[in-house]
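Enquirer: I am attaching a structure below and will ask some questions about it afterwards.
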Amino acid sequence: RKEVEQDPGPFNVPEGATVAFNCTYSNSASQSFFWYRQDCRKEPKLLMSVYSSGNEDGRFTAQLNRASQYISLLIRDSKLSDSATYLCVVNTQAGSYQLTFGKGTKLSVIP
Amino acid sequence: NAGVTQTPKFRVLKTGQSMTLLCAQDMNHEYMYWYRQDPGMGLRLIHYSVGEGTTAKGEVPDGYNVSRLKKQNFLLGLESAAPSQTSVYFCASSFSSDRGQTYEQYFGPGTRLTVT
């Protein structure tokens, strides 16, 4: 089983739609979780951390399910500017500063 | 603050040539990392450093060397470039981990390297 798995997409959605991405991770001892966004030919940038109780930042909601070892990202009211690749990121092992990056899910928001 | 900067932004090398990529950060981060990103492969860790004067191997270290002589700088060297090293190279930095908490990494803009 790969350490961090994501559906590569692409997800093509109309403006205003709600879209959800899921990610599974293999190390049950992982404690830190993030979603990054990467625009074409740009560096990854932190979108949001994922907390155990779930967290929301505007139109973005992140959830963590430790029992099933998956993380989700929900984007409501999609904008054209949301078009990017979304990377699921997990710390490699408990207490480790190293992060394991998923290969990303590509989102295209269509007018 | 400039954050994380990388030089150069682009480079074309011939097989066998050498070069050094420079990464600098002004956030006083302890940890620094070098990744490569290839299509379909995602980000892979090459080398990392947990402090000035220390370096360690990551997932794909072969063919690369690194040095961290100053806290703010992390250099990646290719001694004898090969076409397989054609990639986009990203540097990142972060605060040190604390009581199991792993902090987010901040990335530089990347260096696009082509080896012919």
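Enquirer: Please go through the stretch A:9-30 and give me each residue that is within 14 Å of chain B (Cβ to nearest Cβ), surrounded by fewer than 17 Cβ atoms within 10 Å (Cβ to Cβ) and in contact with a strand residue (DSSP E or B) (Cβ under 6 Å, 6 or more places away or on another chain), ordered by number.
Expert: A:9, A:10
Enquirer: Hey, another quick one. Can you name the condition, by its number, that residue B:52 falls short on among (1) touching a residue at least 40 places away in the same chain (Cβ under 8 Å); (2) surrounded by fewer than 22 Cβ atoms within 10 Å (Cβ to Cβ)?
Expert: (1)
Enquirer: Working only within the stretch A:24-53, note down all residues that are within 22 Å of residue A:109 (Cβ to Cβ) and of a type in the set (S, T, N, Q).
Expert: A:38
Enquirer: From the list A:68, A:30, exactly one residue is at pLDDT below 95, closer than 16 Å to residue B:104 by Cα and out of contact with any helix residue (DSSP H, G or I) (no Cβ under 9 Å at 6 or more places or on another chain). Which is it?
Expert: From the options A:68, A:30, the qualifying one is A:30.
Enquirer: When you go through A:77, A:39 one by one, which is the residue that is acidic (Asp, Glu), within 14 Å of chain B (Cβ to nearest Cβ) and surrounded by fewer than 13 Cβ atoms within 10 Å (Cβ to Cβ)?
Expert: Result: A:39 is the single residue among A:77, A:39 that is acidic (Asp, Glu), within 14 Å of chain B (Cβ to nearest Cβ) and surrounded by fewer than 13 Cβ atoms within 10 Å (Cβ to Cβ).
Enquirer: Among the strands (runs of 3 or more DSSP E) lying completely within the stretch B:42-105, list those that include at least 2 residues that are under 10 Å from the mean Cα position of the chain (by Cα) and closer than 18 Å to residue A:101 by Cα. Walk me through how you get there before you give the answer.
Expert: Details: elements: B:42-51, B:54-57, B:65-67, B:73-78, B:87-94.
Of the strands (runs of 3 or more DSSP E) lying wholly inside the stretch B:42-105, those with at least 2 residues that are under 10 Å from the mean Cα position of the chain (by Cα) and closer than 18 Å to residue A:101 by Cα span B:42-51, B:87-94.
Enquirer: Keeping to the stretch A:27-85, report how many residues are assigned to a strand (DSSP E or B), free of Cβ contacts under 8 Å to residues at least 60 places away in the same chain and among the aromatic types (Phe, Trp, Tyr).
Expert: 4
The values are calculated or read from the model by the stated rules, or taken from the named source; none is laboratory data. A quick note: this is a predicted structure, and the numbers were derived from the prediction, not measured. Using ideal geometry, Cβ is built from the backbone for each residue, glycine included, and neighbour counts are taken over all protein chains shown.
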